[in-house]
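Take a look at the structure below.
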Amino acid sequence: MASVELHDVVKRFGQTVAVNHVNLKIEDGEFLILLGPSGCGKTTSLRSIAGLEDVDEGQILIDGEVVNNKRPADRDMAFCFQQYALYPHLTAFENIAFPLRTQNMNHNEVNQRVREVGKLLKIEDIFPRKPKKLSAGDQQRVALARAMVRQPKVYLMDEPLSNLDAQVRVDMRAELRRLQINNRITTVYVTHDQVEAMAMADRIAIMDKGVLQQVGTPDDVYVSPANLFVANFIGSPSMNFIPCNYDAASHGVRIPVNGETILYRLPVNVKQSISDIQDGTELILGIRPEDVYIHTEPVDDGFDCQLVLMEALGSENIHHLQRGNLHFVSRTSPADVYPVGQSVWVTLETEGIRLFDRKTEAAI
Amino acid sequence: MHRKKSRLNRILAWAGLIILLLIFLFPLYWLTVTALKTRSQIVSIPPMFFFTPTLENFRGVFFTDSGTDTNFKFFFKMSIIISTLSTFFSVLFGALAAYSVSRFKIRGKDDLMFFILSTRMLPAVATLVPLFLMYRSLRLSDTVHGMVLLYTMFNLGFTVWMMKSFFDEIPFEYEEAALMDGYSRWEAFIKVVLPQSVTGLAASAVFSLIACWNEFVYGAILTTRYARTVPPAVSVRVGHEGYEWGKIAATAFMYVVPVLIFTFLVRKSLLRGLTFGAIKK
């Protein structure tokens, strides 16, 4: 068990900066997920921690000790690869035993350790088979077992579930999380799937274009996104963004819609936090789909728009609303059904309103 | 309609295969029957297809007409020693070189690979005179180590290129996995990469072995007595009645059989080795 720290880490590939001055501390026993779109530098960060990539600047510390010059083998970490990288010439059993074979461990102990982890992951019956003869789910379990058979300081996992079928993925997600909660080994997990990240992580670190955007608990990043990128990336369907200008006189925002302007008065709690903003400042109002309420009758503080489409997903209904060039989405319980193609009135949950600076894209 | 066509295709394919087989196997057949014929049967025109076989020529492989030893056993032993050693070294160094070229960043890698390939571009005869002079002044002429050195060098270009294509096919992730599992780079190569390239090693070894086994030109010029292999030795079996074709054929037959058996045994890995990388997964 160990903590992992990245101090101002930079990694370049030629002209491209894959990891750009990243600072991050992963606490002892924590499950941290590196989340971001493909090419955001999350895998490179993970590989740098592993020692599979040499960093160009900055330091990587394990338990406070700088490990930049340590070989991967000496860092005592286990890595779970996206493509599993199971040794094709070895059986499942030998694959799992492989990390133990270099540790001067006697034969019986190796056997015992492999059987234990096999029992835990319920893969004892596939021990004699070679990787080629295994299903993706079983391969994944063997890869996991190979990582878990040692008690490394840190688990590093690079999208381990991305090659699995949806159902197996959901099962494995829970299983993996349960195992980590039990053994409390520090884990850094890379994924581009925000649902996976929300479901599993103690904390999520969101990256984009090599830059760390926000680090926080799933709740933090969902409720208080630090910028537009995070707000957009987390949540499905993603947050509604409405371009607007600050109106100092009414403590509200002016939303331009096809030439006319809707004046939307901001609730009291939002007003206080933005008291120093000048009139006319270009903003973006962000609101989660579940914080958009639909009414069939005119209401105070509401504005009218067309309900253009409804997607009934079983567990929820997604309503697509439009007014001129303004398009946004409301999520309701499946019981709420409104007439498609008709005018409806919309109000926003005051607690859910987030404002972003349109120029810097940062949250206000 | 479709069925008919596929049947026709099958017949055509078989016909083609049989024709090819006849072309390739005919020399072997002719070699064998020549070894079993008497001198007059060999030179008779039209050629004789039916005759009473004789084993007289096989006795001639080991002894001359006057009963002295032909030294065939010694030449055969030399062929085995020189071919095996140079195959071993060319596969060993070839695999190591190919692995580094495949995995590490090396400045001028492409030029280096071209240079290695270019060692195979000159015909043997073109290098003979300089090699002959060099070998004489270095006292390498007619020595086993001199021939092993030469054949190793000669085969290395081939084994490096062949092994490189094999290593290129093995994803680097396996080595990374081994590194993470606590192994050194060298251990990862030995325990993870090599076991996966057994077919490549086998194929390279077979080709090297056959090339050494059959090599004639260098052997004929650079050896006289102590490191002479079978191919140059057999070519000088000229008796007082001219070329002794029957004995030459019998010697060649005995020389070909081990390679035939060996190739037949490893044909599966040979085939895989030849087509490796041709089809992407």
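FYI, it's all coordinate maths here, none of it is from the lab. Fair warning: this is a prediction, and the values are worked out from it, not measured in the lab. Cβ atoms come from the backbone with ideal geometry, glycine included; neighbour counts cover every protein chain shown.
Using only Cα atoms and rounding to the nearest 10 degrees, what angle (0 to 90) does helix A:166-183 make with the longest principal axis of chain A?
70
Shape verdict for the range A:200-240, please, from the Cα gyration tensor: rounded (a/c under 1.5), prolate (a/b greater than b/c) or oblate.
On the way: a/c = 1.68, a/b = 1.06, b/c = 1.59.
Cα axes put the range A:200-240 in the oblate bin.
List the residues whose amide H sits under 5 Å from the amide H of A:VAL211, counting only those 5 or more places along or on another chain, with H placed 1.01 Å from N in the peptide plane.
Amide H to amide H, under 5 Å and 5 or more residues apart or across chains, A:VAL211 pairs with A:ASN20.
Length gain on complete extension for the stretch A:ALA248 to A:ALA362, per 0.36 nm per residue less the alpha carbon to alpha carbon distance?
Working: separation 114, 0.36 × 114 = 41.04 nm, distance 2.00 nm.
Full extension of this stretch gives 39.0 nm more.
Suppose R0 equals 60 Å; then what is the FRET efficiency for A:LEU313 and B:SER184 from their Cβ-Cβ distance, rounded to the nearest 0.05? Present the calculation step by step, with values, prior to reporting the outcome.
Numbers: r = 52 Å, r/R0 = 0.87.
Efficiency, rounded to the nearest 0.05: 0.70.
Ranking A:SER333, B:SER79, A:SER162 by Cβ neighbours within 10 Å, fewest first, what do you get?
Numbers: A:SER333 9, B:SER79 22, A:SER162 15.
So the residues, fewest neighbours to most, are A:SER333, A:SER162, B:SER79.
Averaged over peptide A:71-77, how many Cβ atoms belonging to another chain are found within 10 Å of each residue's Cβ? All intermediate terms of the calculation are to be shown ahead of the outcome.
Values: counts 5, 9, 10, 2, 3, 2, 2.
So the per-residue partner count for this stretch is 5.
Please give the length that would be gained between B:MET48 and B:PHE62 if that part of the chain were fully extended, namely 0.36 nm times their separation in residues minus their C-alpha to C-alpha distance (nm, one decimal).
Working: separation 14, 0.36 × 14 = 5.04 nm, distance 2.62 nm.
The B:MET48-B:PHE62 span can extend by a further 2.4 nm.
With bins 5 Å wide starting at 0, give me the P(r) of the range B:2-62 over every alpha carbon pair, in whole percents.
Answer for the range B:2-62: a P(r) of 4, 15, 17, 14, 11, 9, 8, 7, 6, 4, 3, 1 percent.
Add -39500 (n - 2.57) for each DSSP H run of 4 or more in chain A, then divide by its residues: what number comes out at 222 nm, to the nearest 500 deg cm²/dmol? Could you put the intermediate results ahead of the total?
Working: 9 runs with 89 residues, N = 364.
Calculated mean residue ellipticity at 222 nm is -7000 deg cm²/dmol.
Counting only Cα, what are the radius of gyration and maximum Cα-Cα distance Dmax of the range A:4-226, in Å?
Gyration radius and largest Cα-Cα distance of the range A:4-226: 17.4, 53 Å.
Using the count of nearby Cβ atoms within 10 Å as a rough guide to exposure, how do A:ASP300, A:ASP165, A:ASP336 rank from fewest to most?
On the way: A:ASP300 6, A:ASP165 11, A:ASP336 14.
The order, fewest Cβ neighbours first, is A:ASP300, A:ASP165, A:ASP336.
Which loop GluC sites (Glu not before Pro) in the range B:169-250, with loop taken from DSSP, have no more than 13 other Cβ atoms within 10 angstrom of their Cβ? Show your work: numbers first, answer last.
Working: sites: B:GLU169, B:GLU173, B:GLU175, B:GLU176, B:GLU187, B:GLU215, B:GLU241, B:GLU244; in loops: B:GLU215, B:GLU241, B:GLU244.
Hits after loop and neighbour filter: B:GLU241.
Quick one: work out the % antiparallel among DSSP beta bridges in the protein assembly as shown, nearest 5.
Antiparallel bridges: around 80 percent, rounded to the nearest 5.
Please label the shape of chain B as rounded, prolate or oblate, based on the square roots a ≥ b ≥ c of the eigenvalues of the alpha-carbon gyration tensor (a/c under 1.5 means rounded; beyond that, a/b larger than b/c means prolate, else oblate).
Numbers: a/c = 2.50, a/b = 1.35, b/c = 1.86.
Judged from the Cα gyration tensor, chain B comes out oblate (a/c at least 1.5, b/c at or above a/b).
Mind running the shape call on the range A:86-130? Use the C-alpha gyration tensor, a ≥ b ≥ c as the square roots of the eigenvalues: rounded below 1.5 for a/c, prolate if a/b tops b/c, oblate otherwise.
Working: a/c = 2.24, a/b = 1.18, b/c = 1.90.
Since a/c reaches 1.5 but b/c is at least a/b, the shape of the range A:86-130 is classed as oblate.
For the range A:240-357, go through all pairs of different Cα atoms, get the mean of 1/r, take its inverse, and jot down that Kirkwood value in Å. Walk me through the numbers on the way to the answer.
On the way: mean 1/r = 0.0677 Å⁻¹.
About 14.8 Å for the range A:240-357.
Which order, highest average first, do B:49-61, B:147-159 follow once you tally other Cβ atoms within 10 Å for each residue and take the mean per peptide?
Details: B:49-61: 13.9, B:147-159: 22.0.
The most tightly packed comes first, giving B:147-159, B:49-61.
So what is the relative contact order for the range B:112-258, in percent, with contacts set as C-alpha pairs under 8 Å and at least six apart? Kindly include the intermediate steps, with their values, before the conclusion.
Values: 95 pairs, mean separation 39.2, N = 147.
With pairs under 8 Å counted, the relative contact order is 27 percent.
If you count the DSSP beta bridges with both ends in the range A:101-215, what percent of them are antiparallel, to the nearest 5? Each step should come with its number before you reach the end.
Details: 4 of 9 bridges.
Antiparallel: roughly 45 percent of the beta bridges in the range A:101-215.
From the phi of every residue in the range A:348-359, what ³J(HN,Hα) in whole Hz does the Karplus formula 6.51 cos²θ - 1.76 cosθ + 1.60 yield, where θ is phi - 60° and glycine or proline is x?
Computed from phi, the couplings for the range A:348-359 are 10, 5, 4, 5, x, 6, 10, 10, 10, 6, 5, 7 Hz.
Considering every residue in B:193-206, what mean count of other chain Cβ atoms within 10 Å of its Cβ is obtained?
Details: counts 0, 1, 4, 3, 1, 1, 0, 0, 0, 0, 0, 0, 0, 0.
Neighbouring Cβ atoms belonging to other protein chains average 1 per residue here.
Largest first and in whole Å, give the semi-axes of the protein assembly as shown's equivalent ellipsoid, each being the square root of 5 times a Cα gyration tensor eigenvalue. Intermediate values should be presented prior to the final figure.
Working: eigenvalues 1119, 167, 116 Å².
That gives 75, 29, 24 Å for the three semi-axes.
Partner chain Cβ atoms within 10 Å, averaged over the residues of A:85-92 - can you pull that number for me? Kindly include the intermediate steps, with their values, before the conclusion.
On the way: counts 11, 3, 8, 6, 8, 3, 0, 0.
For peptide A:85-92, the averaged partner shielding equals 5.
What's the extension gain from A:GLU57 to A:GLU351 if we count 0.36 nm per residue and subtract their Cα-Cα distance?
Result: 101.7 nm gained on full extension.
Could you identify which residue out of A:VAL66, A:VAL190, A:VAL299 has the top mean-square fluctuation in a GNM of chain A using Cα springs shorter than 10 Å?
Ranking A:VAL66, A:VAL190, A:VAL299 by mean-square fluctuation puts A:VAL299 first.
With both partners inside chain A, how many of the DSSP beta bridges are antiparallel, as a percent to the nearest 5? Provide the component values of the computation, followed by the final result.
Numbers: 61 of 79 bridges.
Expressed as a percentage, antiparallel bridges in chain A total about 75.
In percent, what relative contact order does the range A:118-201 have, based on Cα pairs under 8 Å that are 6 or more apart in sequence?
Details: 52 pairs, mean separation 24.8, N = 84.
Normalised by residue count, the contact order of the range A:118-201 is 30 percent.
Measuring from label point to label point, each 7 Å out along Cα→Cβ, what is the A:ASN232 to B:PHE88 span in nm?
For A:ASN232 paired with B:PHE88, the spin-label model returns 6.5 nm.
Given R₀ = 45 Å, FRET efficiency for B:TYR29-A:ASP74 by Cβ-Cβ distance, to 0.05? Before the final figure, lay out the partial values.
Values: r = 63 Å, r/R0 = 1.40.
Efficiency for this residue pair is about 0.10.
Going by amide H atoms built from the backbone, whose H comes under 5 Å of the H on A:THR217, apart from near neighbours?
For A:THR217, the qualifying residues are A:ILE204.
Given A:LYS25/A:LYS153; A:LYS11/A:LYS209; B:LYS77/B:LYS191; A:LYS70/A:LYS132; B:LYS105/B:LYS268, which pairs have Cα atoms separated by over 24 Å?
Details: A:LYS25/A:LYS153 15 Å; A:LYS11/A:LYS209 12 Å; B:LYS77/B:LYS191 34 Å; A:LYS70/A:LYS132 33 Å; B:LYS105/B:LYS268 34 Å.
Those over the limit are B:LYS77/B:LYS191; A:LYS70/A:LYS132; B:LYS105/B:LYS268.
If you average the sequence gap of Cα pairs under 8 Å that are 6 or more apart and divide by the length of chain A, what percent do you get for the contact order?
Details: 745 pairs, mean separation 56.7, N = 364.
After rounding, I find 16 percent.
The range A:183-279: percent of C-alpha pairs farther apart than 18 Å?
Details: 2753 of 4656 pairs.
Of the Cα pairs, 59 percent sit more than 18 Å apart.
Considering all alpha-carbon pairs of the range A:1-120, what whole percent are spaced by more than 23 angstrom?
It works out to 42 percent of all Cα pairs.
When the helices in chain B are scored as -39500 (n - 2.57) per DSSP H run of 4 or longer and the sum is shared across all residues, what 222 nm value do you end up with, to the nearest 500 deg cm²/dmol? Numbers along the way, then the final one.
Numbers: 14 runs with 199 residues, N = 281.
Result for chain B, helices only: -23000 deg cm²/dmol.
Can you give me the P(r) profile for the range B:22-94? Cα pairs, bins 10 angstrom wide beginning at 0, each as a whole percent.
16, 28, 30, 19, 7, 0
Roughly how large, in nm² to one decimal, is the mean projection of the convex hull of the alpha-carbon atoms in the range B:71-178? Don't jump to the answer; show the numbers that get you there.
Details: hull surface 36.4 nm².
Value for the range B:71-178: 9.1 nm².
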